[in-house]
Amino acid sequence: MEDNIEIEISETNRGNEQIIINKKHKFNISFQRKDKSKIYRCTEYKTLNKCKSLIILNDKKEVLKYESLHNHLEKEIDVSISVAKHKIKEEIKKNSIPMDIKPKHIFNAVSQEMGLICPEYSTIRSQIIRNINKQFPPNIKSFDDIPIESEYYKTKRNENFMIFKNTDLIIFQSPFQAYLFSNYHKNIFADGTFYTAPKFSYQLFITRIYVGEFNMFYTSSISILKNKKQSTYETLFKEIKKIQINLGVIH
Ligand SMILES: [Zn+2]
């Protein structure tokens, strides 16, 4: 049949068979014919692309037919993630794992186990950790460590967007967010989350405004709160309002 088609067998997240072609495209099984050959469709078939590519393999995984009609970008990263996951699952299947592993085990303990039975996992994990370490300055361990000045408080346009900090609270708002806030403060929405708040803080708090012209919500400020004292919230709103007074909006 066609030359230079490289086939790899992988699996979907649900464990169904997946065919990788030339490390660029993923194909999921569509159906099996009476002669045991199987038809696979490009995974972009089910997206808006409705990619028409398909490949037919016999039961020895030889190519009977390949129609390469991809109408989308190659999915090399997507493919390598899929293959890596498959390899990890395969390695785990090959080895007996003690069944008493408790889900509450911390990440590191589990990672060590995983690293022993699956070398690929170690590579992925060390890559992840290297990137995490690179990304976050490790010198902030408590709320008090948050600096008053930092290169991270500047926007791409070199505007300062850290507008207030005391011992309980730090507020971020870019000049553009202040502009939005001042023009669309008729309805202000606020929400707090604990999930994404830094460990040393109590809550991440955002305000949002609604811009009718675009039928869109925009985030107009982001704050990190050290505690849930009422005075902390009062300071937060007082400071945001102060900016508006400076812009001459709220009187
Ligand atoms: Zn395709």
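The values are calculated or read from the model by the stated rules, or taken from the named source; none is laboratory data. No experiment lies behind these values; they were computed from the predicted model shown. All Cβ positions, even for glycine, are placed from backbone atoms using ideal geometry, and neighbour counts span all protein chains on display. The accessibility values were calculated without ligands, DNA or RNA, using every heavy atom of the protein model including side chains. Shrake-Rupley method; radii C 1.70, N 1.55, O 1.52, S 1.80 Å.
Among the strands (runs of 3 or more DSSP E) lying completely within the range 160-251, list those that include at least 3 residues that are surrounded by 18 or more Cβ atoms within 10 Å (Cβ to Cβ), of a type in the set (S, T, Y) and in contact with a strand residue (DSSP E or B) (Cβ under 7 Å, 6 or more places away or on another chain).
Numbers: elements: 162-165, 169-172, 188-193, 203-211, 216-225.
Here the list reads 216-225.
Among residues belonging to the range 70-86 that are surrounded by fewer than 12 Cβ atoms within 10 Å (Cβ to Cβ) and either more than 12 Å from the ligand (Cβ to nearest atom) or without any contact (Cβ under 8 Å) to a residue 24 or more places away in the chain (or both), point out the one that is farthest from I39 (Cα to Cα). It would help to see each step written out before you state the result.
In the first step, residues of the range 70-86 are kept if they are surrounded by fewer than 12 Cβ atoms within 10 Å (Cβ to Cβ); the result is 71, 73, 77.
Cutting the leftovers down to either more than 12 Å from the ligand (Cβ to nearest atom) or without any contact (Cβ under 8 Å) to a residue 24 or more places away in the chain (or both) gives us 73, 77.
Working: L73: 22, I77: 24 Å.
My answer is I77.
If a residue must be open to solvent by 80 Å² or more (accessible area, probe 1.4 Å) and within 29 Å of the chain's Cα centre (by Cα), how many such residues does the range 2-23 contain?
In the first step, residues of the range 2-23 are kept if they are open to solvent by 80 Å² or more (accessible area, probe 1.4 Å); the result is 2-4, 6, 13-14, 16, 23.
With within 29 Å of the chain's Cα centre (by Cα) added as a condition, the list becomes 13-14, 16, 23.
The number of residues fulfilling the criteria is 4.
Within the range 220-239, track down each residue that is more than 16 Å from S201 (Cα to Cα) and in contact with a Ser or Thr (Cβ under 7 Å, 6 or more places away or on another chain).
Of everything in the range 220-239, those that are more than 16 Å from S201 (Cα to Cα) and in contact with a Ser or Thr (Cβ under 7 Å, 6 or more places away or on another chain) turn out to be S220, S221.
Take the residues of the range 127-167 that are aliphatic (A, V, I, L, M) and under 30 Å from I81 (Cβ atoms): which is modelled with the lowest pLDDT?
Within the range 127-167, the subset aliphatic (A, V, I, L, M) is 128-129, 132, 140, 146, 148, 162-163.
Now drop any that are not under 30 Å from I81 (Cβ atoms), which leaves 128-129, 132.
Values: I128: 63, I129: 64, I132: 57.
Restricting to residues being aliphatic (A, V, I, L, M) and under 30 Å from I81 (Cβ atoms), the top hit is I132.
Where residues in the range 24-62 are surrounded by fewer than 16 Cβ atoms within 10 Å (Cβ to Cβ) and assigned to a strand (DSSP E or B), which of them is farthest from the ligand (Cβ to nearest atom)?
Filtering the range 24-62 for residues that are surrounded by fewer than 16 Cβ atoms within 10 Å (Cβ to Cβ) and assigned to a strand (DSSP E or B), the one farthest from the ligand (Cβ to nearest atom) comes out as Q32.
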